[in-house]
1. For residue 222 and residue 159, FRET efficiency with R0 = 41 Å and r from the beta-carbon atoms, rounded to 0.05?
2. Under a crude label model (7 Å from the Cα following the beta-carbon direction), how far is residue 208 from residue 144 in nanometres?
3. For segment 1-132, what does the alpha-carbon gyration tensor say about shape, rounded, prolate or oblate, given a ≥ b ≥ c as the root eigenvalues, a/c under 1.5 as rounded, and a/b over b/c as prolate?
4. What shape does segment 45-95 take by its C-alpha gyration tensor, where a ≥ b ≥ c are the square roots of the eigenvalues and a/c under 1.5 counts as rounded, a/b above b/c as prolate, and the rest as oblate?
5. For the pair residue 109/residue 187, report the inter-label distance in nm, with labels modelled 7 Å from Cα in the Cβ direction.
6. For residue 30, put the label point 7 Å out on the Cα→Cβ axis and report which residues of segment 141-174 keep their amide N under 16 Å from it.
7. Go through 79, 195 and list them by solvent-accessible area, largest first, probe radius 1.4 Å.
8. Skip the ligands, DNA and RNA, and give the accessible area per residue of the chain with a 1.4 Å probe, whole Å².
Amino acid sequence: MGYLGFARKYRPQKFSEVVGQEVVVKILENSLKKGKLSHAYIFSGPKGVGKTSVARILAKALNCSSSHNRPCDECPSCIAVKEGRTMSVIEMDAASHTSVENIRDLRENIRYASTEGFYKVYIIDEAHMLSQAAFNAFLKTLEEPPPHVVFVLATTEPRKIPLTVLSRCQHLQFRRIPVNLIKERLESVCSIEGISATDEALYAIASSSEGSMRDALVLLDQITSFTES
């Protein structure tokens, strides 16, 4: 297997590993415990703060076979989602799938229940990039999807999502991650990887990332590739 960058290697796999999004995590965990999940979510916030990662964790939890600790990250379903080899989780990049035809294909496919898990979870990244016609075609499906389907629309620009769509989804807002939490995560990664780094260096990396954990991990990866330690 080729080299796996820090941003991918240390992507959170459980709710407990998500940094800086306590409110969002609490809402989702309580919803899972109480069986009060929405059929559609909008995850909005800056880049690199965990929107897609949390969407994948939610997809794991919905299809996890554990009855107490969802997601367990150990059952066959969790492992399949983690490795990206399940048909129960469908990720779509709206930036390259903006047309009505793409939404029509989606509408055709959601009618069929998953053969691998309990739910089909559709994660639509950069959802604000969908065309107005595509949003219009999506409305009815979004309002009354089959019971085995959950939608997660991730976006950095929620103001571009039509109000008619926003009103049909539960909107969870992700915030920029505080510098001290990013620094703590970088310290943990350095400890695991055997990297020697000063507090000043890690603080500088955390500060320059502007609240993005992904950017901080990418920068740490880049710097360690340049230096000798």
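1. 0.80
2. 5.4 nm
3. rounded
4. Oblate shape, in that a/c is at least 1.5 and b/c is the bigger or equal ratio.
5. Roughly 4.3 nm, to one decimal.
6. What the label zone holds, given the 16 Å backbone N cut-off, is 170-173.
7. Ranked list, largest accessible area first: 79, 195.
8. Averaged over the residues of the chain, the accessible area is 53 Å².
The values are calculated or read from the model by the stated rules, or taken from the named source; none is laboratory data. Being a predicted model, the structure only gives us computed values, none of them experimental. Cβ: placed from backbone, ideal geometry, glycine included. Neighbour counts: every protein chain shown. We work out accessible area using only protein heavy atoms, side chains counted, and drop any ligands, DNA or RNA first. Shrake-Rupley method; radii C 1.70, N 1.55, O 1.52, S 1.80 Å.
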